[in-house]
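To start, the structure under review is shown below, and the notes come after it.
The values are calculated or read from the model by the stated rules, or taken from the named source; none is laboratory data. Note that the structure is a prediction, hence the values are computed from the model and not measured. Using ideal geometry, Cβ is built from the backbone for each residue, glycine included, and neighbour counts are taken over all protein chains shown. Heavy atoms of the whole protein, side chains included, go into the accessibility calculation; ligands, DNA and RNA do not. Shrake-Rupley method; radii C 1.70, N 1.55, O 1.52, S 1.80 Å.
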Amino acid sequence: MPRVSVTVDGIAYEEEVEPRLLLVHLLRDRLGKTGTPIGCDTGNCGACTVLLDGKSVKSCSVLAVQADGSAVTTIEGLAANGTLHPMQRAFHEEHALQCGYCTPGMVMAAVDLVRENPDPSEEAIREGLEGNLCRCTGYCNIVRAVRRGAQDMAVKTP
């Protein structure tokens, strides 16, 4: 079986994996990163979105062997020293979740979106998150949270 070396949330791991093992299963089952939910297992819902070398990917669509040598950031890895990432905080403060199942993927996709476009319009946010589905909300609070998160991410700290 192939061995993969991957850094997840700043910690280096080396794992022996079956060639067909999906990244989401490596993260959840082997590494205990259960904040990355398994939604559809088909790449349609986006609940399992993580950052792979800084770019958002649906981890149910990536083989673990494809992540070899890469850095993965999960929802658990966004918070630093017990302080929520600005996007996580914005989702909380803007009440941009109901059941919360899609929230980790939405937050991760939003972080990548804002890194690419630091001041996205409502249209750009809706387009940027179109691969992430939420069955509970009307998306209004999610869009508001992404705008707020973008503003907070733009604030430079000393």
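Put 112, 68, 119 in order of accessible area, highest first, and with a 1.4 Å probe you get 119, 68, 112. In whole percent, what relative contact order does the chain give with Cα contacts below 8 Å and a gap of six or more residues? Result for the chain is 24 percent. Once you sort the root eigenvalues of the Cα gyration tensor of the chain as a ≥ b ≥ c, which label holds: rounded (a/c under 1.5), prolate (a/b larger than b/c) or oblate (the other case)? Prolate, because a/c is 1.5 or more and a/b exceeds b/c. As a fraction of the 1.4 Å probe accessible area of the stretch 1-103, surface on carbon and sulfur atoms comes out at 49 percent. Every helix of 4 or more DSSP H residues in the chain counts as -39500 (n - 2.57), and over all residues that averages to -9000 deg cm²/dmol at 222 nm. From most to least packed by mean Cβ count within 10 Å, the peptides 8-21, 135-148 give 135-148, 8-21.
Could you state the accessible area per residue of the chain in Å², with a 1.4 Å probe and every protein chain left in place? Dividing the accessible area of the chain by its residue count gives 52 Å².
Of all DSSP-defined beta bridges confined to the chain, some 90% are antiparallel rather than parallel.
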